[in-house]
Each structure stands twice: as structure tokens, then as C-alpha cells.
1. Does the stretch 325-341 hold any residues that are touching a helix residue (DSSP H, G or I) at 6+ places or on another chain (Cβ under 7 Å) and open to solvent by less than 50 Å² (accessible area, probe 1.4 Å), and which are they?
2. Scan the stretch 142-194 for residues that are open to solvent by 40 Å² or more (accessible area, probe 1.4 Å), within 17 Å of ALA114 (Cα to Cα) and touching a residue at least 40 places away in the same chain (Cβ under 8 Å) and jot them down.
3. Which of the residues belonging to the stretch 421-454 are under 30 Å from ALA499 (Cα atoms) and in contact with a Leu (Cβ under 7 Å, 6 or more places away or on another chain)?
4. Of everything in the stretch 290-309, what is over 19 Å from the mean Cα position of the chain (by Cα) and among the hydrophobic types (A, V, I, L, M, F, W, C)? Give them in sequence order.
5. Of TYR385, TYR327, which residue is in contact (Cβ under 8 Å) with a residue 24 or more places away in the chain and of a type in the set (Ser, Thr, Tyr)?
6. Has the stretch 199-217 got any residue that is modelled with pLDDT of 80 or more, touching a Leu at 6+ places or on another chain (Cβ under 7 Å), of a type in the set (Ser, Thr, Tyr) and within 21 Å of ASP149 (Cβ to Cβ)?
7. In the stretch 256-301, what residues are touching a helix residue (DSSP H, G or I) at 6+ places or on another chain (Cβ under 8 Å), of a type in the set (Lys, Arg), over 17 Å from LEU209 (Cβ atoms) and open to solvent by 10 Å² or more (accessible area, probe 1.4 Å)?
8. Looking at this structure, is PHE401 among the hydrophobic types (A, V, I, L, M, F, W, C), touching a helix residue (DSSP H, G or I) at 6+ places or on another chain (Cβ under 8 Å) and within 20 Å of ASP574 (Cα to Cα)?
Amino acid sequence: MTKVIAMLKRTGPEFRESSRQVESALGRLGVEFWTSPALRRVADQMSEKPPDLQGRLDLILATPDAELSRDGIIWADAADWQSSTTEGAALAQAVAAKVRAQAESGTFDAQTIAALEKHKNDPLFAAAFAKEIPPDELKRLISRMFRTDLPPAGRPDEKDLDTEKKVADLFSTILGTASRARKLPDKYADELLKDLDDPQSAFALGKLLGKGKFDHAFMLDVVKRVYDFDVAHPQARAREPESPLPGQDKVRPAPDVSPMSTVLSALIHHPKVAQDFFTDPKRRPLAYLMRERRWGPESDNLLGAALYEASTKFRDHGMPREQSSGYKAALIASWASHYWAEEKVQQNLPNTRIWAASIHANYISDVHRANQAPPRKDIGADTAYDPDKSLTGVQPYGAVFNKDELKSVETWAFNDNDAFATVAAAHGQYSVKVLDETAAALAAEVKAAFAAWHKAHPEATKTQINDKRQEILEEKMGTGGGAFQFRGVVNDLSETTYALTDAANIAKIEEARKNDERYAVYKNMVTKIIDLAPGPPGKFVGLLVDQAKDHIYGAFTSNQEGKAKKAAANAMDDAKVMFEDATAAAMMRHGLFGDGSAPAPTHPYASKQRPKAPENDFLVNGEIMSKDKMSESQKNAYDEWLHRTPATDRVFFGVDSAITRDTWS
């Protein structure tokens with residue numbers, strides 16, 4: 001578009017001059033002409049377009065990458081274009097004068113805040129505002145607003161700073177808009193990063209970077225420079241909260257104003273910047289940030305959130321891999337998990353358990369594979385063409401985890417029940433999806449075999465058709481790949497189940513009784529696994545984790561622990577029930593218990609012990625309902641059909657034995 005704008009600026013005057021020359025030449029020849037006025041009109045229109053196109057270009061540049069549509073198109077909202085260059089400068093000057101005066105008095109009126117709000121995404125206003133109040137002055141304004149010159153005990157309470165926070169957020173948004181439109185003054189970053197070793201300046205910097213969406217190159221440059229300063233100035237990162245004064249029981253904790261803490265929120269809001277920073281081959285910052293550097297309580301939580309965003313926000317399998325966001329994401333996930341396995345890091349980052357667990361949940365297929373194999377020494381990204389062949393489609397780059405390190409991380413992380421619930425839900429979702437796709441593949445085999453037979457026997461009666469369909473189904477499930485495939489899948493998935501319950505100290509009932517609430521969390525997954533939707537074919541499992549967690553644990557309360565203990569003897573028995581139910585649900589979804597309308601002898605509706613009736617029917621729209629929705633009569637009918645009906649065994653067997661492993665004893 002820049003080239004088009006330049007071309008129009010050049011071509012418009014050339015058309016106008018050409019028009020005059022044509023008119024002059026034709027006039028000398030006495031020829032009547034009609035073309036020249038048209039050329040002038042074209043020239044006038046071309047001359048009018050550059051301002052509009054430039055405005056559109058600035059809007060596109062000022063739109064964050066995160067707002068790209070699925071097809072990569074940016075839909076820039078012209079409603080944000082509030083001013084022309086002249087109007088933006090005049091308005092910014094007037095608003096800046098009000099901001100200065102009101103910051104001095106300590107109060108901001110609604111009109112000033114409304115003006116900032118209205119123009120926060122306007123690149124021309126933002127550019128003028130950034131010039132009008134240079135970064136040094138802007139930081140002083142913020143320090144004055146939040147009274148950072150006072151000791152923590154003397155500062156306004158957080159609940160009384162809503163207006164100040166809103167104004168600071170607007171400053172940050174405006175600077176972000178100006179940076180994305182490439183309209184910040186030269187050397188702006190130099191001015192912004194002055195006096196990083198001064199607590200008040202560092203506090204203000206955190207506010208200015210914490211909310212806005214900044215240009216990628218600008219923000220990456222800022223983060224790298226702050227990191228280099230942090231490493232080189234240990235005294236600046238070791239500021240301790242002020243001690244209580246005599247007579248005070250406690251003092252309000254001072255905010256973390258060490259250099260790197262000022263950019264953590266910005267990294268959370270800029271996951272691609274975080275990716276490029278965390279994978280910087282020159283700095284290799286993860287070891288320093290996780291192992292060597294000490295953090296305050298809130299700051300280590302923000303670091304964990306930044307690692308999570310960098311490793312999960314953008315997943316792909318793009319090439320070349322070094323330029324792929326998915327590749328960088330997997331590298332960060334692998335290396336972060338490697339460091340989290342260290343006791344020193346766990347002690348240094350005590351508030352990051354949920355973030356470690358959330359990363360493992362998003363890489364659950366890689367966690368699963370790591371638990372199937374001996375411990376690996378290498379870590380990094382899985383560069384195979386398809387990192388997870390258990391699922392259809394080409395999955396994003398995976399992370400390479402070490403089996404022993406996974407156990408160390410999860411044993412530590414699962415002290416937080418929400419962390420355990422997060423990984424358990426992910427594993428449940430993954431298990432359901434793998435079983436569903438295995439069942440779908442098998443159903444396709446049965447369908448193809450039956451279609452071939454039916455084509456060869458076009459005169460077959462309805463009875464013969466039903467009998468042959470059932471015969472093919474039972475053959476596939478009994479002597480073909482069906483039952484053995486399910487057995488292998490369940491066996492592999494159960495290994496991961498054991499690893500998770502072992503890390504949570506609930507693998508054995510004696511330990512489970514010491515962790516009743518955590519055991520109840522696990523039991524919640526077991527009882528709701530049937531009702532967990534497998535998700536659309538080809539959809540990445542990590543995208544379904546939050547949905548699965550909400551479905552399984554949304555209504556969880558600790559008073560369910562008594563109910564959980566009554567339901568099963570131990571976690572091993574729970575796992576057997578869970579995989580039996582999940583497998584049966586997947587098979588039922590894909591017709592692998594036969595036709596219910598006939599009904600086939602292996603279908604629940606063929607039961608003679610508990611014939612089809614509303615009080616016994618545990619199917620809803622042809623699918624098995626969740627156990628926590630079944631009545632006692634429905635549960636009994638389900639149990640009778642699945643476990644004590646010989647006909648069912650002809651298509652459903654091997655799941656129980658697949659879970660009975662020495663490792664579970």
C-alpha cells in the first residue's frame with residue numbers, strides 16, 4: 001500500500017500535466033477534444049486518494065496481530081480514525097494540558113478520561129500525545145498519581161486507585177497505538193528506559209507497558225534491554241519490601257519494581273514477543289529467569305503466565321520450523337518443564353504450579369508419549385512430520401519431555417488441586433478423543449466390509465443383511481484389529497493415568513485417604529468421562545482443555561469427597577471403570593455395538609434381563625448418558641449389559657485386563 005500511495009502522489013500531477021499538454025496540442029490543430037477533461041477528473045480523484053489510503057494503512061499497522069482473522073486478513077475499524085494529523089495534534093495538546101493539571105491536583109475529571117478513551121486507538125492522536133508528553137514526564141505523572149514517593153504504608157489503598165489505574169491503562173494503550181503505527185518519536189525507547197534502577201521510574205514503566213498492544217519490534221527491543229540491565233545490576237533486582245514501622249502489625253507489601261518485573265505483564269499480552277525473547281539464542285534467558293533470579297510472590301505468578309502464553313497461544317506445524325510460532329512454543333514448553341523439575345526452581349517459583357500444569361495440559365499428547373517410553377535425555381521440540389499419530393491430521397509441533405522430570409514437576413504442581421484438575425481434565429479429553437477416533441476408524445472398516453458383501457449379494461433379505469452386518473462386526477472386534485487396537489490404546493492411556501494419580505499421591509487407596517479432596521477431583525473425572533465430547537475431527541486437543549475442565553469440574557466442591565470414597569475402592573478400580581465407560585461410549589457413538597433398531601444381540605436394547613423401558617434406558621439420542629445423570633435403575637441396566645451379558649463380550653472385551661498392570665499393584 002505504501003507503493004500505491006507513492007504512485008498515486010506521483011501519477012496524479014503527471015496526469016494533470018498530460019491533460020494540459022493534450023489540450024494545447026489539439027487546440028493548435030483545431031481538433032475538438034473530449035478526453036482531456038476526463039484525464040483531469042482522474043487526476044483529481046487520484047490526488048484525493050492518498051490521505052484516505054494513508055489513514056487506512058495507519059489503521060492496519062495499528063491493529064494488533066492477535067486480531068487477525070482466520071484467513072490472515074486484518075479488518076481495521078475505521079471508527080477508530082477520529083482525527084486528521086492537524087486535528088490530532090491540536091486535540092492531543094489540549095488533552096495533555098488537562099492531564100498535566102489534573103495529575104498535579106490528584107483528580108481526573110470524566111471529560112478528560114472520556115477524551116483519552118475516545119482517541120486511544122487513533123494513531124494520529126496517539127502520535128501527537130506521545131510527542132506532547134515525553135516518556136520522562138509521563139513516568140513522573142504516573143509516579144505522582146500513585147504516590148510512589150511515599151512508603152508502602154502511606155500510599156493510597158488499591159481499592160481507592162481505580163481512576164488512576166484507568167488513566168495509566170489509557171496512557172499505555174495510547175503508546176501502544178502510536179508504536180504500532182510506527183509513529184513514536186526517534187529514541188523513544190531510550191527515554192522510556194532511563195533510570196531503570198530507580199524504583200519510582202521502574203514502577204511507572206511497568207504501568208506504561210502493562211496494558212497496551214505495542215509494535216513487535218519495539219516491544220522486543222525494550223524487553224531485551226530491560227533483561228540485559230537486570231542481569232547487569234543485581235542491586236536493582238534485589239529490592240526488599242520495607243520493614244514495618246514500630247507499632248505496626250504488618251505493612252502493605254511494596255510492589256515488585258525490579259527491572260524485569262516491569263515487562264512481565266507486557267510479555268503476557270505479547271505472546272509472540274515472549275516467544276522470541278524466551279528463545280533468544282544469544283541470551284537464553286529461561287535458566288536465569290527460572291533458576292537464578294529471585295522473584296516476589298506476584299512476579300513469579302506473572303512469569304508463569306508469560307511462559308504459558310508463549311508456549312500455548314500459537315500452535316502450528318509451519319515451515320521453516322525456526323520461524324514457526326508452534327516450534328518456538330514447543331521449545332519453551334519443553335525447556336520450562338525441564339527447569340520446573342528442579343527443586344531449586346520449585347522453591348523459587350512457588351506460585352507457578354497452575355502454569356506448569358496448564359502447559360502440560362496443552363501438551364497432553366506429549367506428556368502421554370513421554371510416559372510410554374524410557375526417560376530421554378534430550379529435550380526440545382518434536383520435529384516429526386506428525387508428532388501425534390494417534391490422532392487424525394497433522395498435529396502442531398510437540399514438546400519433548402523427560403519422563404522422570406514430568407513426575408517431579410507434577411508431584412510438586414499437584415499440591416494445588418486446581419493444577420491436578422487441569423491436567424486430569426486434559427488427559428480425560430485426550431483419552432476420549434483417541435478412543436473416539438479409534439472407534440471411528442474401526443467403524444469405517446466394518447462399513448466397508450459390509451458394503452463389499454452387500455454389493456456381492458444384492459438379493460439378500462433384511463434378516464440376512466442384519467445377520468451379516470453383525471457377523472462382520474463381531475469378526476472385526478474379535479479376530480481383527482478392533483479389540484486388540486482398543487486394548488492397546490487403553491493400555492497406553494492407562495499408563496498416563498497411573499503416572500498422574502501416582503504424582504498426585506492417590507494411586508493407592510491408603511494415600512488417597514490422606515488426600516480426600518484430590519481423590520474427589522479425580523473421581524469427578526471418572527464419573528463424567530462418558531459425557532465428555534470428543535471435539536471436532538482434527539481439532540487440536542489443547543484447544544478443548546478449558547472446555548473439558550469446566551464440564552468435569554465446574555460444579556466441584558470439597559464436600560463431594562465422602563461421595564467419592566463410597567464409589568470405588570481405589571484409584572486403580574476407578575481407572576478401570578473410567579476406561580470401560582469411555583471405550584463403551586466411543587463404540588456406541590460409532591455403532592460398534594450393532595444396530596439398535598433391529599436390535600443386534602450386542603446392543604443394550606436386546607437385553608432380556610432388563611428389556612428396553614424408560615426406567616432402564618441409559619441411551620440419549622443413541623449415546624450412553626453420563627453416569628451422574630443415570631438413575632439407579634439405569635445404572636443397573638448399564639452394568640448388567642456391559643459386564644454380565646455374554647453377547648456383549650463378543651465385541652467388548654480386553655479393556656479390564658489392559659489396565660491390570662504390575663505398575664498398579
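1. SER325, TYR327, LYS328, ALA329, ILE332, ALA333, ALA336, SER337, HIS338, TYR339, TRP340, ALA341
2. THR163, LYS166, ASP169
3. Of everything in the stretch 421-454, those that are under 30 Å from ALA499 (Cα atoms) and in contact with a Leu (Cβ under 7 Å, 6 or more places away or on another chain) turn out to be VAL423, ALA424, HIS427, GLY428, GLN429, SER431, VAL432, LYS433, VAL434, GLU437, ALA439, LEU442.
4. MET290, TRP295
5. Among TYR385, TYR327, only TYR327 is in contact (Cβ under 8 Å) with a residue 24 or more places away in the chain and of a type in the set (Ser, Thr, Tyr).
6. no
7. ARG283, ARG291, ARG294
8. So PHE401 fails the test.
The values are calculated or read from the model by the stated rules, or taken from the named source; none is laboratory data. Quantities reported herein were computed from a predicted structural model and do not represent experimental measurements. Glycine also receives a Cβ, built like all others from the backbone with ideal geometry; neighbour counts cover every protein chain displayed. Heads up: the accessible areas ignore ligands, DNA and RNA and are worked out on the full protein's heavy atoms, side chains in. Shrake-Rupley method; radii C 1.70, N 1.55, O 1.52, S 1.80 Å.
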